[in-house]
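So the structure is just underneath, and the comments pick up after that.
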Amino acid sequence: MKRIGILTSGGDAPGMNAAIRAAVRTATGLGIETLGYIDGFEGFATRRIMPLDDRAVGNQVQHGGTFIGTSRYAPFLDADVRARAVRQMHHDEVDALVVIGGDGSFRGALALQAEHGVAVAGIPGTIDNDVYGTDHTIGFDTAVNTAVLAIDHLRDTSESTGMMFFVEVMGRTSGAIALHTAVAAGAAGVLVPEDHSDIVELVERLKESHSRAKRSHIIVVAEAGSPGGAFEVAKRVSELLDHPYRVVVLGHIQRGGRPTARDRIVAAQSGALAVESLAAGRTGMMIGIQGGRPVEVPLEAVVAGAHPAAQEDLLRLAQQLSG
Ligand code: F6P
C-alpha cells in the first residue's frame with residue numbers, strides 16, 4: 001500500500017485531530033504516505049487535498065474541531081459524483097480511505113467499497129455516541145464534560161435564586177449526552193427521546209422536591225427528547241407548576257473545545273488500528289472500542305445495527321438520585 005487518504009465527515013467532534021495524528025503517524029511507521037481531503041467528502045469529490053505527514057499533525061492533539069475541515073456533503077449521494085471522485089483517487093495513487101465520522105459517513109464509505117472496490121476503514125467520530133458496535137465515539141466524553149461544566153455554573157444561579165433551569169443538550173436522535181450529563185450534574189429531571197415518561201410525572205417530582213425546600217432544579221432535555229425542545233418542555237411544565245424558570249440551549253458549544261484525555265486516547269487507539277487494518281489488507285472495518293480495547297467491527301454491521309438504546313440503568317439512576 002503506497003498512500004492512504006483521510007477525511008473527517010459530518011459534525012466535527014473533539015478528538016478528531018488526535019485520530020488524524022494517530023493515523024498519519026502509524027502510516028509513516030509502516031512506510032505509507034498520507035494525505036487529507038479537505039472538508040470531508042466534498043474535498044474528496046472536488047480534489048481538494050492537503051498533504052499530511054508527521055510534522056503536519058504536530059501540535060494538533062490538544063485542539064478541538066478538525067484541522068482538515070468537515071462537511072455534510074449531499075452531492076455524494078449521487079453515484080456519478082462518487083465514480084468521478086474514485087477516478088481522481090486512482091489518478092492520485094491513493095489506495096485506501098480512512099473515514100472519520102458517524103454512520104451517515106460510513107454509508108458513503110461503504111458505497112465506495114461496493115461500487116468501486118475502494119479499501120475503506122471507519123472511525124466513529126461524533127459527540128452523539130449513537131454508533132452501533134462501539135461503546136464510545138470520539139468527542140462524546142468532551143461534549144458531556146462541557147455540558148456538565150455549564151450546568152455547574154447554572155446551578156450556582158439556581159441555588160441562589162430558586163429559579164428552575166431547563167437545559168437543552170445536543171443529540172440529534174440520541175439521549176446519550178443528556179443521560180450522562182444528568183447523572184454527572186445531579187439533575188432533578190431528564191427527558192430523552194428513548195424514554196416516554198411524561199411531563200406530568202416530571203411536574204409531580206418537581207412539586208415534591210419544592211415541598212422539601214430544595215432550591216436548585218436543573219432539568220436536562222435532549223435536543224430530540226421532546227418536540228419543541230427545552231422551550232416547549234419549560235412552557236408545558238410552567239402551565240402545571242407556577243415557578244420562575246429560564247431555558248438555556250447549549251447547542252454547538254458542546255461540539256468544540258479541548259478534547260478530554262479519554263477522547264484523545266480513544267482517538268489514538270482508533271487512528272492507529274484503522275491504518276494497521278488497511279495495511280494488513282482488510283477493508284470495510286470500523287474501529288470500535290469495546291471493554292476499553294479497540295476492535296474491528298464490519299461497517300456493514302454498523303450501519304445495519306440499531307442505535308444503542310438509552311441506558312435504562314442511567315435513566316433510573318438519574319431519577320433515583322434527583323433528590
Ligand atoms: O451529530 C452531531 C450533532 O452535533 C448533533 O448532536 C446535532 O443534532 C447536529 O449535529 C447539529 O448539526 P448541525 O451542526 O448541522 O446544525
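Quick look at the values:
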| item | result |
| --- | --- |
| Approximate spin-label separation Gln62-Leu241, in nm, with each point projected 7 Å along Cα-to-Cβ | 4.2 |
| 4 °C / 1.567 mPa s Stokes-Einstein diffusion coefficient of region 34-75, Kirkwood radius on C-alpha pairs, µm²/s | 118 |
| Ordering of 62-70, 185-193 by burial proxy (mean other Cβ atoms within 10 Å per residue, highest first) | 185-193, 62-70 |
| Share of Cα-Cα pairs in the chain lying beyond 37 Å, as whole percent | 24 |
| Unit charges at the beta carbon, dipole of region 143-255: most positive-side option, Ser211, Leu149, His243 | Leu149 |
| Pairwise FRET efficiency - His307 versus Arg55, Cβ, R0 = 51 Å, nearest 0.05 | 0.85 |
| Cβ-derived FRET efficiency at R0 25 Å, Ser160 paired with Arg316, nearest 0.05 | 0.25 |
| log₁₀ of I(q)/I(0) at q = 0.09, 0.12, 0.14 Å⁻¹ - region 158-316, Debye sum with one point per alpha carbon | -0.40, -0.64, -0.79 |
| Whole-Å semi-axes of region 209-248's equivalent ellipsoid (Cα gyration tensor) | 20, 11, 8 |
| Cut-off 17 Å, label 7 Å out along Cα→Cβ of His153, residues of region 42-77 by amide N | none |
| Extension gain from Val248 to Ala111, taking 0.36 nm per residue of separation minus the Cα-Cα distance | 45.3 nm |
| MRE, 222 nm, helices only [DSSP H, n ≥ 4, -39500 (n - 2.57), over the chain, to nearest 500] | -13500 deg cm²/dmol |
| Computed label-point distance, nm, for sites Val200 and Leu77 using a 7 Å Cα→Cβ extension | 4.0 |
| Contact order relative to length of region 143-255, as percent, for alpha carbon pairs under 8 angstrom and 6 or more apart | 41 |
| Under-5 Å amide H pairs with Thr34, H placed in peptide plane, nonlocal only | Ile4, Leu52 |
| Normalised convex hull volume, region 23-144, alpha-carbon set, Å³ per residue | 114 |
| Mean Cβ neighbour count within 10 Å, used as a protection proxy, ranking 40-50, 199-209, 238-248 highest first | 40-50, 199-209, 238-248 |
| Antiparallel DSSP beta bridges within the chain, as percent of all bridges there, nearest 5 | 25 |
| Given charges at beta-carbon only (K, R positive; D, E negative), |dipole| of the chain in Debye | 640 |
| Cα-derived Rg over Rh, computed across region 65-129 with Rh taken as Kirkwood radius | 0.96 |
| Cα-centred dipole magnitude for region 143-255, charges only on beta-carbon of K, R (+1) and D, E (-1), debye, nearest 20 | 240 |
| Mean Cβ neighbour count within 10 Å, used as a protection proxy, ranking 76-85, 23-32, 261-270 highest first | 261-270, 23-32, 76-85 |
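FYI, it's all coordinate maths here, none of it is from the lab. Please read these numbers as outputs of a predicted model, since none were measured by experiment. When we count neighbours, we look across all protein chains shown, and the Cβ atoms used for this are built from the backbone with ideal geometry, even at glycine.
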